[in-house]
Amino acid sequence: MHRLKITIGLISLITLTLPLLAQDNSDITCEIVVAGGGLGGVAAALEALKLKHQVCMTEITDWIGGQVTSQGVSALDEDTVQRQDRLFPRAYQEFRHSIQVRTGAQNPGNCWVSQLCFSPQSAVAVLDEMLAPYLASKQLVLLKNTVIKNLALKNGQISALTVLTHLARGHDHNDLPLSYDFTDWYTTKPSARFDKKVRQLLPPPQRQTKLLPWIVIDATETGELLPLAGAPYRLGTDFRTRWEPSAAIAADPYCTQNFTYSLAIEQTNTAQLVSKPLAYDSPFNEPAYSFEKAEFTFPAIFTYRRIKGDIPVGPIPQAIPASALQVGDQSMQNWTWGNDWRLSTDTTNLVLTEQQLKQSGQLPEVMLFVFKQPGDWLGGLRVAALAQAEAHAAGYYYWLLNGTDDVLLQQQDPTYRKPRFSNYAWLKGKSSPLGTEHGLARYPYIREGRRLIGRPSYGYPEGFTIYESDLMGQGQSFVTPGQPRIYFDSVGVGQYRVDLHSCIINQKFDPSPGESRGKSINPRYPYQIPLRALIPQNIDNLLAGAKNIATTHITNAAYRVHPVEWAIGAAAGNTAAFALSHDLIPASLVITAPKSNPLLSALQKQIEHQGNPIRLP
């Protein structure tokens, strides 16, 4: 099995010696490239910028911030111990505080899922302000509406990146949902809707002779650079082992966690007349919606992620009265039995597997080490799944107002009929919380994409991975969580429950046979982020900077949340800056595992000096 992984990696490396696309002669040099402007990407860029390094950051949409902005998950997923002990990165705490200052409220939405719910518009304004000084000084080059199209490899390092910027032609950039334009954004030829600009990102000339000319951080939402660079990774669920006791017997590469198109609604004085979406009664959407539990009434669901509201509500949903909702209150809708899209099989999965990428022509086909055809990277996602999820989200809004069926509650009580709630408008337009003409998030909240496999290490002969037993305690599981593993190479801290949003294989809501058995169990203690989880195989100047670190399907569900993604990005930014300053390969810092070394200790001191906790209380 391990030999097979190595062979696949070698083949991938060979395929990536293809020439890059023709450029427009406007190459950009960078010491550090951050691919992806989500929370991890912003955190990585900020840390490197504060350490005086020159950074280029790309972002597929026109908003930086990922989860809290373009994806509409503007309710911070945090846990008690981490908050009480201030185990957050300093810049993350600055972000939280700035949201409260800008809105003039400790919790602008008075929601009950989080201690801080807010409008994505507030979040993007705060993040823009945090980066503004570096843009003004030109220390940061920020390329919005830009994707990574291709990369080149030389001597085990990324030597160049081709980026593709899409420029809206005669229309608002966000007038149509993502599925309409996604493939266009990765196509170099200008279209009826977009002009295109192709450029190269390159290391600075003065570093060309260094051991480490530059460093690339993959902070994309799905780990896009891993297949492009030929770095081994996992996708979907894992099979059960002694280290992963809550996994299913069989693995399922198509079964990633659900993804969600958020939408914002507002209570109004008048009833809203809403037409039934065309796809509402299709096999993909019927029956599909539920309040899930009897205590989850409409007031509970509305205030769950309320982003604007004056009346505080308690954490017990059944105690929330209708009087807690007022005209003008706004709520971000992100509900498992609402707009979560869960259907994920070999013909419906969102994140394409390695084999599917090759079959679709997005990665090169290799036969006896001879190119069969070049690859044409188009983002690595199934556009049909995006479209189905968009239709599903629109159907959820219609169901909230007009639906009377409830797929789960009617199983418990066949006489149950969901009440109608007609005085709620779907907020759309530039001034709406999500800032799009269509009212959906610019980009879906993708909980899980590709997860790199780290380099073989002491105790991890198949490649470093954060296993369930590492998170819960050796020999422990969801049922009896213990103390998590203490890592000699810790570069960050997190705390959150293992919150799995399981995939289904049909609209009867049957789970995949490979779906993990543990659900929403809270580890007893905070846990650490090991540097080895950020370092891929094969590529010496690539780091993971978001949810694509070396986790399993189960542990990803704890590491994917807001403050942990920020901490991962902060660790990547610090590691990149340290490696450049010392002209060393990041993997050399952990080659002595399980023993530390002076340079690793120096990096850890730098991370702490920057205000990022790495030790457990």
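The values are calculated or read from the model by the stated rules, or taken from the named source; none is laboratory data. For clarity, every value in this text was computed on a predicted model and none was experimentally measured. Virtual Cβ from ideal backbone geometry, glycine too; neighbours counted across all protein chains shown. In case anyone asks, the SASA skips ligands and DNA or RNA and just uses the protein heavy atoms, side chains included. Shrake-Rupley method; radii C 1.70, N 1.55, O 1.52, S 1.80 Å.
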Legend entry - Neighbour-limited loop hits for trypsin sites (Lys or Arg not before Pro), the stretch 176-228 (at most 14 other Cβ within 10 Å; DSSP other than H, G, I, E, B): K210
Legend entry - Using θ = phi - 60° and Karplus 6.51 cos²θ - 1.76 cosθ + 1.60, couplings along the stretch 585-590 (whole Hz; Gly, Pro as x): 7, x, 4, 5, 6, 10
Legend entry - Cys with no candidate disulfide partner in the chain (beta-carbon separation under 4.7 Å rule): none
Legend entry - Amide H contacts under 5 Å for V141, placed H, 5+ residues apart: V55, C56, M57
Legend entry - Structure-derived percent of Cα pairs over 36 Å apart - corresponding label in (1) 33; (2) 63; (3) 42: (1)
Legend entry - Solvent-accessible heavy-atom area per residue, rounded to whole Å², over the chain at 1.4 Å: 37 Å²
Legend entry - All aspartates and glutamates inside 14 Å of K418 as judged from Cα atoms, apart from same-chain residues fewer than 8 positions distant: E292, E295, D405, D406
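With a cut-off of at most 15 other beta carbons within 10 Å, and DSSP calling the residue loop, which trypsin sites (Lys or Arg not before Pro) in the stretch 258-358 qualify? Please list them.
K293
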Legend entry - Hz values of 3J(HN,Hα) by residue in the stretch 243-250 - Karplus curve (6.51, -1.76, 1.60), Gly and Pro given as x: 8, 9, x, 8, 6, 6, 5, 10
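Placing unit charges on C-beta atoms (Lys and Arg positive, Asp and Glu negative, everything else neutral), compute the dipole magnitude of the chain about its Cα centre in debye, rounded to 20.
940 debye
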Legend entry - Exposure rule at most 14 other beta-carbon atoms within 10 Å, DSSP loop GluC sites (Glu not before Pro): the chain longest free segment: 1-294
Inset, instruction - Give me the lysines in straight-line cross-link reach of K197: C-alpha distance below 24 Å, same-chain residues under 8 apart excluded. - result: K138, K144, K149, K189
Inset, instruction - Quickly work out the K605-to-K508 label distance, labels modelled 7 Å from Cα along the C-beta direction, and quote it in nm with one decimal. - result: 6.3 nm
Inset, instruction - With θ set to phi - 60°, apply the Karplus curve 6.51 cos²θ - 1.76 cosθ + 1.60 along the stretch 491-501 and write out the HN-Hα couplings as whole Hz, x wherever there is a Gly or Pro. - result: 10, x, 9, x, 7, 5, 6, 7, 9, 8, 9
Inset, instruction - Tell me the trypsin sites (Lys or Arg not before Pro) within the stretch 388-443 that lie in a loop according to DSSP and have at most 11 other beta-carbon atoms within 10 Å. - result: K430
